[in-house]
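Structure first, then comments.
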Amino acid sequence: MKESEENRIWNNYIRSRTELYKKLMPSNVSGSMISEANWVIRSRYSSGDQIGINVTKGDICYLDYGQTYLNEAGFQHFGLVVTVFEKKALIIPMTSNRITYEKAYDPVERPDGRKHLMRLGQIRGMNKPSVLFLNDARFINTARIIDVKSHISPRSKTFHDVQERLKEIMF
C-alpha cells in the first residue's frame, strides 16, 4: 500500500525533529520541547485575551519566548511588560541569575557594569533580585504569556528608570 503524501510529509517531519533533538545540548532539550508544545497549543490565538490572559503595562509575566539563536532570550522566562499595543506586548526579558545580576550596570554599585543589563532588585512577588536584558526587548503576541506573576506600577520611579534606560540603548 502506497503511503499518502500527507503521511510521508508527517513521517519526514517526525524523523527530522527526532534527529534535531538528538543534536541539541541536553540543557536545551526540555525548554525546546515545552516551547514547541506551547506553540502547538497557543499559536492559533491572536492574543492572550482569547485564553484568559490579560496583561497591562508593568506586569511581570512568565512566558514562552520560543526557539532561539545564540545570545537571545528564549524558551520559558520572565519578562516585564513595557506597553501593550494592538494585541502585542513590548516585553523585556529578565532573569534572577546571580552572576548576570552582578555583571549588570548600576550607577552606584557597578558603574563599570554591562549597560544592556539593568538591575531591578527584589521585586515584590518575585523570589530573587532580578535583572532585565534591555537589548532583548521585543514585541510578542500576548498568547505567549503563561501567567502574570507580579507588577511594577507604571507610575513608579523603577518603571520610569526602565523606560529611560530602554530609550538610551534604542536611540
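The numbers here are math on the coordinates, done by the rules we state, and not lab data. All of these numbers come straight from a predicted model, not from anything done at the bench. We place every Cβ from the backbone using ideal geometry, glycine too, and count neighbours over all the protein chains shown.
Rounded to the nearest Hz, the phi-derived 3J(HN,Hα) couplings of the stretch 157-164 under the Karplus curve 6.51 cos²θ - 1.76 cosθ + 1.60 (θ = phi - 60°) are 4, 4, 5, 4, 4, 4, 4, 5, where x marks glycine and proline. For the chain, with a Gaussian network of springs between Cα atoms less than 10 Å apart, report the residue from Met118, Met126, Met94 with the top mean-square fluctuation. For the chain, modelled as a Gaussian network with Cα springs under 10 Å, the answer is Met126. On the basis of the beta-carbon distance and an R0 of 25 Å, Asp49 and Gln163 show a calculated FRET efficiency of 0.55.
Taking θ as phi - 60° and the Karplus parameters 6.51, -1.76 and 1.60, the scalar couplings of the stretch 101-107 work out to 4, 5, 7, 5, 4, 8, x Hz in sequence order, x denoting glycine and proline. Over the chain, with a Gaussian network built from C-alpha contacts below 10 Å, which listed residue (Lys22, Lys88, Lys149) shows the highest mean-square fluctuation? Highest fluctuation of the listed residues: Lys22.
Over the chain, DSSP H runs of length four or greater, each weighted -39,500 (n - 2.57), average out per residue to a 222 nm ellipticity of -10500 deg cm²/dmol. Over the chain, with a Gaussian network built from C-alpha contacts below 10 Å, which listed residue (Ile51, Ile41, Ile14) shows the highest mean-square fluctuation? Its mean-square fluctuation being the largest, the pick is Ile14. In order along the stretch 44-61, the phi-based Karplus estimate (6.51 cos²θ - 1.76 cosθ + 1.60, θ = phi - 60°) of 3J(HN,Hα) comes to 7, 8, 6, 6, x, 3, 5, 10, x, 9, 10, 10, 9, 3, x, 5, 9, 10 Hz; Gly and Pro are listed as x. Calculated on the Cα set of the stretch 5-170, radius of gyration then Dmax: 17.7, 64 Å. The magnitude of the dipole of the stretch 1-141, with charges of +1 and -1 set on the Cβ of Lys/Arg and Asp/Glu and taken from the Cα centre, is near 140 debye.
Given the pairs Lys103/Lys157; Lys115/Lys157; Lys88/Lys149; Lys22/Lys103; Lys88/Lys128, which span a C-alpha to C-alpha distance of over 25 angstrom in this model? Each step should come with its number before you reach the end.
On the way: Lys103/Lys157 22 Å; Lys115/Lys157 19 Å; Lys88/Lys149 18 Å; Lys22/Lys103 33 Å; Lys88/Lys128 27 Å.
Check vs 25 Å cut-off fails for Lys22/Lys103; Lys88/Lys128.
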